[in-house]
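One structure below.
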Amino acid sequence: MMLIQTKKYIYILLLLFTLLFIAYVILLGDYISNSEESYTSTIKDEINTLIKQKELDTFMIAKNIANNKQLIKVLEEKKYNQLYTSNFISLPKEYLRYHNIRIHIVDQYGKQRYLSWTKDDLGQDILHARKDLRILFKHPKPLHGISVGKFSIAFKGIMPIYGDKHTFLGIIETITFFNSIANSIQKSDIASAVIIDKYFCKQLKYPLSKVFIEKYNIANLNVKKEIKNLLKKYGISYFLQNKTYHYISNNNSYFKAGYFAINIPIYDISNKKIAYYIAFIKDKNYLMQKEILLHFVLFIFSLLFLSIVYLALKEYKKNLSLIKNLDNEVKRQIEEKTKLLYIDQTTGAYKKTKFDLDRVEYLKTKTVLLNIKNFSKLNAFYGFDTGDQILKICTTRIEKILKRKIYRLNGDEFLFFSNKPKNEIKDINNTFTKTPIKINKKNLSIQITFSFGVAQTKLDKLISKLSIAVNEAKKYPFSYFMYYREKSLDTNFIKFNALLYEAIYREGNVKIIPYFQGIYDNEKGKITKYESLARLQEGEKIYSPFFFINIAQNSGFIHEITKIMIKKSFQYLATLPEEIELSLNITEHDLATKQLKEFLTDNLKKYNINPQRITLEILEGITSNGTKNNIKQLNQLKSMGFKLAIDDFGVEYSNFERLTEIDIDFIKIDGKYIKNIDKDHKSLQITQAICNFAHAMGIDVVAEFVEDASIQKIILDLGIEYSQGYHFSQPAPTPL
């Protein structure tokens, strides 16, 4: 009987582990498939980043050269021959890694004055051949993107050149190619083929690459022969299919590596698909690893099965209650050791060792390093016991806000992973600002502030880079956070942070100033109001919001900028005739502070301004996502006499229902519809729909980006009340 029972258990165990092994092999196959997809997705993201970075760098090279005083002098004096002898190309060292940069300079009359690759076409008028330059010369502005030219696909950066009195002198165009990206990726054992779409190949009058397959042009000159053969064998259309990746196996050998092929579409400035970047990633070890892993798993399961059968037979007659007690004791010891290993005894937060283990699961998120400001002084003044209580209360409160555990790095520094660091940092700051920490035994109430550093979790030397960001944040006297960025971006970010701080708190050579753009009354036939637009002035340099507004939002300066703009705009409006009105931009952060109404009231009194002369322009997202508090404040401002306008209507949420809760005076239609209204029927239909809705609600409409007479004619036909754009007025330091 005993023998029969023993055999029964052996058969059950054998069946169980056979099923487990089959399940594991299936899961292993899924895991390998998911790993392939994750790996190719990572490579795709890296290539996209390289493409975007080179596009930005090409533009920054043009911008750098456009500000060269020697170049400006040559163009002002029209001594164009000196362009080939003067050293006006002086680049920062971060751009010296790019080779074969082509530079093209066109003077204010549209004539070519410098081509770094030839002298054949000097003095020729380029505007008749280049539609993009004709448009740009009418309204000069910075421009960058990717396009197919007569030689190849290239990155282009275009920057207007201005003289001392903001006189337009011409443009500089920088052109770079894809070879450096292909070379960079090739060093990582990834082969590349940059393929120009066959519908754009007709633009290649003098192609640098003579390789054509199925009427597609292989643009990069360094493509490997093996890759050309694969493209010919499978056909380019095969690689352009909408799949995450293609696996090209090696038919000659089971153990010889194949390729993962991924397709990355490339779009021009008008979002047309003009080319494809196909990366071939050599799969060196996958098949061998798969075979070895399967055999290893088989061996382990076999060994495990035999061991369990042996132990089951050996321990069959032992007391089951003893095994249960032993099991409970082992669990208790494991829990205690785990607690000692991973839990900080002072705060209850996880230790750094747990952070290192968890980090691999959060590589696609950001990590925040939080430092308690002046904690060492608190520790010294109140004693270590009180310091420990502060740490414990901070930990408990932060974990409650985040709804998850955090990690203690050292004495007064903590870490946490975050998908939305800006929002969560804001929640932490708001909570600690409203509620100081109380130490009941000593009847203490302590206001805690923080410095925050934010970085991508996947970065090497993450803690070191977070510490750099925190140290930058510590320079400010209030709770502040700083993103860590790579050097090429970090310099610009820190520069404008410093300029904004200087402009807000130490106004001198650097300041925030208003520029004014007229708003044309289509019924009266004249400009009757102006929009006040923020500019950052550094000496003689004037920066538009393009350079600093996002940095101001991330750094918490945006509300201070709004206050400065209100004060200076009111001060200027007080000198203008009573019939002139002014529009000012208001952000969601301004409403969140709950100080806007009081600040506006104080400045109305100070400068004796009638609130009916002021229109507050609010972004559409504020009304669509706004809290009850935001809507309440807007209605209060309306009751005081201010007019309300929704800016950029149609670009974000278009929540028409929310408009019934606020008494809006104006809707400003977003410029992306207006600027194409004479060419794009869809833009015309959307604009007409918004107008019909606004007029049905009794709301006047303002059209932004009215650039020429043809657009203005359509605006008048639609019955739009106001027009704003370069056709009538450009932003200027004083109303024109």
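The values are calculated or read from the model by the stated rules, or taken from the named source; none is laboratory data. These figures come from a predicted structure and were not determined experimentally. All Cβ positions, even for glycine, are placed from backbone atoms using ideal geometry, and neighbour counts span all protein chains on display. These accessible areas exclude ligands, DNA and RNA; they are computed on the full protein's heavy atoms, side chains included. Shrake-Rupley method; radii C 1.70, N 1.55, O 1.52, S 1.80 Å.
Observations on the model:
- Once the stretch 188-239 is narrowed to residues that are acidic (Asp, Glu) and open to solvent by less than 70 Å² (accessible area, probe 1.4 Å), the residue that is farthest from residue 46 (Cα to Cα) is 197.
- Just one residue in the set 401, 393, 425 is over 22 Å from the mean Cα position of the chain (by Cα) and closer than 26 Å to residue 554 by Cβ; that residue is 401.
- Any hit, the stretch 445-455, residues being closer than 19 Å to residue 409 by Cα, of a type in the set (Phe, Trp, Tyr), modelled with pLDDT of 80 or more and open to solvent by less than 50 Å² (accessible area, probe 1.4 Å): yes
- In the set 158, 135, 185, only one residue is at pLDDT 85 or above, of a type in the set (A, V, I, L, M) and open to solvent by less than 70 Å² (accessible area, probe 1.4 Å); that residue is 158.
- Residue satisfying all of: in the stretch 445-465; touching a Pro at 6+ places or on another chain (Cβ under 9 Å) and outside any loop (DSSP other than H, G, I, E, B); farthest from residue 418 (Cα to Cα) among these: 445
- Filtered residues of the stretch 323-381 (kept if in a loop (DSSP other than H, G, I, E, B), surrounded by 11 or more Cβ atoms within 10 Å (Cβ to Cβ) and not β-branched (Val, Ile, Thr)): 344, 348, 349, 351, 363, 364, 373, 374
- So residue 666, is it modelled with pLDDT of 85 or more and closer than 23 Å to residue 517 by Cα: yes
- A search for C-beta distances below 9 Å between a residue of the stretch 532-549 that is farther than 18 Å from residue 141 by Cα and open to solvent by less than 30 Å² (accessible area, probe 1.4 Å) and any residue that is in a strand (DSSP E or B) and small (Gly, Ala, Ser), counting only pairs 6+ apart in sequence or on different chains, returns 532/583.
- Of the residues in the stretch 653-663, not one is open to solvent by 60 Å² or more (accessible area, probe 1.4 Å), within 28 Å of residue 166 (Cβ to Cβ) and at pLDDT below 90.
- The condition of being in contact with a helix residue (DSSP H, G or I) (Cβ under 8 Å, 6 or more places away or on another chain), in a strand (DSSP E or B), β-branched (Val, Ile, Thr) and open to solvent by 20 Å² or more (accessible area, probe 1.4 Å) holds for only one of 494, 513, that being 513.
- Matching residues in the stretch 574-589 - criterion: being open to solvent by less than 70 Å² (accessible area, probe 1.4 Å), over 26 Å from residue 553 (Cβ atoms) and not acidic (Asp, Glu): 574, 576, 577, 580
- Flag for residue 112 being part of a strand (DSSP E or B), of a type outside the set (Gly, Ala, Ser) and without any contact (Cβ under 8 Å) to a residue 24 or more places away in the chain: yes
- Residues that are assigned to a helix (DSSP H, G or I) and buried (at least 20 other Cβ atoms within 10 Å of the Cβ) within the stretch 396-417 comprise just one, 398.
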